[in-house]
Each structure stands twice: as structure tokens, then as C-alpha cells.
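Below is one structure, written out as C-alpha cells; the observations come after it.
Every read-out reported here was derived from the displayed coordinates using simple, explicitly stated rules and does not represent laboratory data. Every value quoted in this text rests on a predicted model; they were computed, and no experiment measured them. Ideal geometry is used to build each Cβ from the backbone, glycine not excepted, and the neighbour counts take in all protein chains shown.
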Amino acid sequence: MDSPTSPLTGPEIVPDTVDSLVILAHGYGSNGQDLHGLAQQLAPHLPRTAFLSPNAPEPCPGAPGGYQWFGLSRLDPTERDTGVVKAGPTLDRFVTDSLARFGLDGRRLVLAGFSQGTMMALHVGLRRTTEPAGILGFSGCLGAPAALRHEIQSRPPVFLIHGTHDEVLPFPLMFEAKGALEANGVTVRHHLSQNVPHSIGADGLAQGLDFLTEVLS
């Protein structure tokens, strides 16, 4: 992936010594500060990991202070597919620049996301020429699944976490993503958070931390 774009910025946690990197991509209409709160809960358990939570590149209409990776008007697979393709190079460039900033190999990277950010993490992470340590996705789905067979370059471990009461992206979308990823040789584990809506439950956070600790150890 290429097409360098304007650099992304957002809140971050950077320890004195950095040996790994977690980039968190927020959801539609949110911003980096939203997932920075998640990073603040994770960082004490991973004291040599930098956490970056960039704002997506586009202001989100109707959401003051919010951003979008790409526009969404409805739950339309075609819109998701074209959106991740358009926005992918922006996040990919941020990943490349951030790894260079800390002098890290791409294998010390975890891409994480929530909702639309999960779509972005999956799209970019599976197309990186150097395989990331892992991809962690909360409450999301897979964009452009048909193209993956021709474009996949990396097969990092993937962990998908979803609430059973998600009214925005219903949890069967997680199983659709899991099936498509496994069909392309990706190892995927999943966790369902019972009675959790479109958010991250305490159990999902704990499971996500276990995954990060495992793949970055």
C-alpha cells in the first residue's frame, strides 16, 4: 500500500523505553481520545509498549469533535468495501511512520480497533508486507472480503470481540469476518461479551489485554 497522505495526530502514551507498539483506530464519529481511555487501562500492564490513538482523517458530519475513516450513511457492505480501500493508505502510512519513529520492526506491532476502526485494522494489517504481531478488533466487521484472497500479505493472529446486544453492528458480522479470514488462512479466535451493546465490556477488555500480552511477549 502506498499513497502517502497527511499525517494523523492524536493522544498517545509513550514510555521511556519502547519495544512494541499498539495503534488503536477509533470508530465512526468518535476520536482518538475515546480509545486513549482504553490505552490508559492497558498501558500499566505493558510498560514498554507505546499506545497511539490517532484521529481519523475526516471530520464526521453531525458529530462535533468526531472523525471518520470514511463516510457511512447506512449499514451497506458496498460502502464499507469502498471505504476501507480509500482510507487504507492513510492508516498504513501512519503505521509505517510510527514504526520508524520508534525504530521498531513491524512484527512488534498490534493494530487494534473499535467498530469502523476494526474494519481499518483488519484491512491494513492483513496487507502489510511485514506481518504484525496481531490484530485486535472490538465490535467490528470485515470490509472488502472478496478482495482479500488476492491482496493478503500477512496472516497475523486475530482476536475478535463483540457484544451480543450490539445494535449498531450485530454480532453475526463477527462470525462472517471470522469465516472469511479463516478461509484465507488466518488464525482467528473470538469472544462474545454477553448482554454488552456497541461498546467494550469488562470481560472483553480483559480478554484483549491477555491477547496483547501474549502476542507482544
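A few notes on this one:
- Rounded if a/c under 1.5, otherwise prolate or oblate - region 94-217, Cα gyration tensor axes: oblate
- Extreme residue, positive dipole direction of the chain, given options L173, Q153, I23 (C-beta unit charges): Q153
- Counted without the sites themselves, the longest stretch of the chain free of trypsin sites (Lys or Arg not before Pro) in a DSSP loop having at most 14 other beta carbon atoms within 10 Å is 75-217.
- Computed [θ] at 222 nm, deg cm²/dmol, the chain (DSSP H ≥ 4; -39,500 (n - 2.57); rounded to nearest 500): -12000 deg cm²/dmol
- Rounded, prolate or oblate (a/c below 1.5 giving rounded, otherwise prolate when a/b exceeds b/c) for region 87-165 by Cα gyration tensor: prolate
- Selected from S73, S20, S154 as most flexible by GNM, with the chain as the system and alpha-carbon contacts under 10 Å: S73
- Of the chymotrypsin sites (Phe, Trp or Tyr not before Pro) in region 126-217, not one is in a loop by DSSP (not H, G, I, E or B) with at most 10 other beta carbons within 10 Å.
- Each Lys and Arg Cβ is given +1 and each Asp and Glu Cβ -1; about its Cα centre, the chain then shows a dipole of about 300 debye.
- When DSSP beta bridges are restricted to pairs lying wholly in region 9-67, around 50% turn out antiparallel.
- Antiparallel %, DSSP beta bridges [both residues in the chain], to 5: 15
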